[in-house]
Amino acid sequence: FGHIVELIKDHPCFQPTGNKGQASVKIQMMVALQRLMHNGSLASYESIGPSMGVSVGIVHKYYQRVVTALCAKANDIIKWPDANRKAEIK
């Protein structure tokens, strides 16, 4: 968890654009993970908001930011095995 937060924390989507600050990347990641780890109605913004103490709109914003930042780092996070590693796995 901490490693991924460190990896994405400097993405531009986490930089405030107005006078209001943003919640920490750690908090935004925790809210986004609630959506990512559930399915069905438990993954809805309407279910996550009250359980995390934030509004439905905030859940949506945090989720979008985290997914945007993760997608930007996909090549740093997802590593396919090279030929040596493939042979080792077999």
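Taking a sphere under 15 Å around the Cβ of Ile89 and counting the other residues whose Cβ falls inside, with K and R at +1 and D and E at -1, yields a net charge of +2.
Across region 35-48, computed HN-Hα scalar couplings (Karplus, 6.51 cos²θ - 1.76 cosθ + 1.60, θ = phi - 60°) run 6, 5, 8, 10, 9, x, 5, 5, 8, 6, 4, 5, 7, 6 Hz from first to last residue, x flagging Gly and Pro. One decimal place: the segment Cys71-Asn19 gains 16.0 nm when fully extended, by the rule 0.36 nm per residue minus the C-alpha distance. Along region 49-59 the Karplus relation, 6.51 cos²θ - 1.76 cosθ + 1.60 evaluated at θ = phi - 60°, assigns HN-Hα couplings of x, x, 5, 9, x, 10, 6, 4, x, 5, 4 Hz to successive residues, with x for each Gly and Pro.
Excluding residues on the same chain fewer than 8 positions from Lys90, give the lysines whose Cα lies under 27 Å from its Cα. Cross-link targets: Lys79.
Do you know the relative contact order of region 2-89, to the nearest whole percent, from alpha carbon pairs under 8 angstrom that are 6+ apart?
Numbers: 58 pairs, mean separation 24.6, N = 88.
About 28 percent, as a whole number.
Mean projection of the Cα convex hull over all viewing directions, computed for the chain: 7.6 nm².
Only the coordinates and a few stated rules stand behind these numbers; no lab work does. Just so you know, these numbers come straight off a predicted model, no measurement behind them. Note that we place each Cβ from the backbone using ideal geometry, even for glycine, and neighbour counts take in every protein chain shown.
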